[in-house]
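K.L.:
Shown below is the structure under consideration.
The values are calculated or read from the model by the stated rules, or taken from the named source; none is laboratory data. As the structure is a prediction and not an experimental result, all values here were calculated from the model. We place every Cβ from the backbone using ideal geometry, glycine too, and count neighbours over all the protein chains shown.
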């Protein structure tokens, strides 16, 4: 790591390439983030749109069945009302209703207790048996006088219409309310001439038929549709255990249920519509849901069923290709950035070759190699101008150094001459000093003798004889002449020495 950091700090081309790569990376990431955010939103909206179309088509298909059953039951209802006092005909009415509508798997015409004399409970019940409701195979019609093991007066398909007084659909009757299969029942109260409910025409539709419609609605390969009843129980779900043992309300109190599932379940039970994310079995899902709304038809009872339909998507069905594309783009971007770094480094290195050459030349110049040649360049950019200026500077520096070397040589020659002159001056000075010492020594004796004779003459001029005085004067004259001769020799020698120096110069 330290080597890489040092390499980056020492290599300008690599630093420039990394800067370019960082700028490109930032711009690329921002662009990708914006693009993929809009793409994700678009995919989410498209998935929701597809799901809504699927749900609308599913609701329409189911509602067509419900409307068909309601109309068939209504037709029989008026016949029942026309023959209300003829209990023996009720079984035929039930049979005709089952025979004329392939969606109907059973029909029960029941009356309140003791409505007919001699009949505490009266039921005319006919149902299909032995085939799937989606096939065209003729079925066996079974006539029964009872429905399950409980009196019909205790079952919701009888008690609810008798209580509310108008037509209604019941939620699926399961387990103890059916013998073979789950049913939803259209209940039409029979009202006598006084306006009181005296019985019910109950028309059964197999939940299997509804399930096949709902489960076949798959807007994506791994999605599935669900149908909830008003109390939150599952009418249709691909997991059959949920149909008999669970409802969404149980998820509200289940500690193991993820909060997102609870939120979606509450929204569906509340009759809301929308799209929510889910976490189920450690996987991400999305649910698109809406209330089950039937078409308005003249004469149709439009009470709300309070059902809710939904499509559950695995996250991969919506965003799988998106995520794979995202990973692919990120990989391409990663290798693209590496390629940008490499190409930028190569290009920058090539562009900076003159700078590297100038750097090496500067190092050689700093070591004293002032005559290192710098080639001409055909480049006209800043680097080319720098190379030209550096070459001119190097040439000017070389010229200045040549001039300095010439001046230095002259200074050295002058220095040698000055040193020679200095030595001569010192020698002459030494010789003069020696000469003066020599002359001084030679003058010392005559001078002392002269001084002695003068002193003798001066001190004894009253008593000295004329002969002695003459002798002293003669001695004085001789010593004076000696001094004069010595001085003449000194002057003559000095003149000769000066003449030699002038002749030498």
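K.L.:
Return the only residue of 244, 185, 203, 163 being surrounded by fewer than 16 Cβ atoms within 10 Å (Cβ to Cβ) and at pLDDT 90 or above.
P.N.:
Details: 244 fails: at pLDDT 90 or above; 185 fails: surrounded by fewer than 16 Cβ atoms within 10 Å (Cβ to Cβ); 203 fails: surrounded by fewer than 16 Cβ atoms within 10 Å (Cβ to Cβ).
From the options 244, 185, 203, 163, the qualifying one is 163.
K.L.:
Name every residue in the stretch 55-81 that is farther than 26 Å from residue 159 by Cβ and surrounded by fewer than 20 Cβ atoms within 10 Å (Cβ to Cβ), in order of residue number.
P.N.:
Selection gives 56, 57, 60, 61, 64.
K.L.:
With respect to residue 227, determine if the residue is in a strand (DSSP E or B), in the same structural domain as residue 74 (by TED's automatic domain parsing) and modelled with pLDDT under 85.
P.N.:
No.
K.L.:
Right, next: Can you find, within the stretch 331-367, the residue that is modelled with the lowest pLDDT among those that are within 30 Å of residue 43 (Cα to Cα) and surrounded by 13 or more Cβ atoms within 10 Å (Cβ to Cβ)?
P.N.:
Ranking the qualifying residues of the stretch 331-367, first place goes to 337.
K.L.:
Then there's this: State whether the residues of the stretch 247-261 include one that is modelled with pLDDT of 85 or more and under 30 Å from residue 75 (Cβ atoms).
P.N.:
For the stretch 247-261, residues modelled with pLDDT of 85 or more and under 30 Å from residue 75 (Cβ atoms): absent.
Here's the yes/no breakdown for (1) in contact with a helix residue (DSSP H, G or I) (Cβ under 6 Å, 6 or more places away or on another chain); (2) touching a residue at least 12 places away in the same chain (Cβ under 8 Å); (3) farther than 28 Å from residue 316 by Cβ:
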residue	(1), (2), (3)
16	yes, yes, yes
34	no, no, no
53	no, yes, no
60	no, yes, yes
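K.L.:
Within the group 76, 65, 19, which residue is assigned by TED's automatic domain parsing to the domain that holds residue 159 and at pLDDT below 90?
P.N.:
Of the residues listed, the single one that is assigned by TED's automatic domain parsing to the domain that holds residue 159 and at pLDDT below 90 is 19.
K.L.:
Further question on the same structure: Report yes if some residue within the stretch 368-386 is in a helix (DSSP H, G or I), without any contact (Cβ under 8 Å) to a residue 40 or more places away in the chain, surrounded by fewer than 14 Cβ atoms within 10 Å (Cβ to Cβ) and over 60 Å from the mean Cα position of the chain (by Cα); otherwise report no.
P.N.:
no
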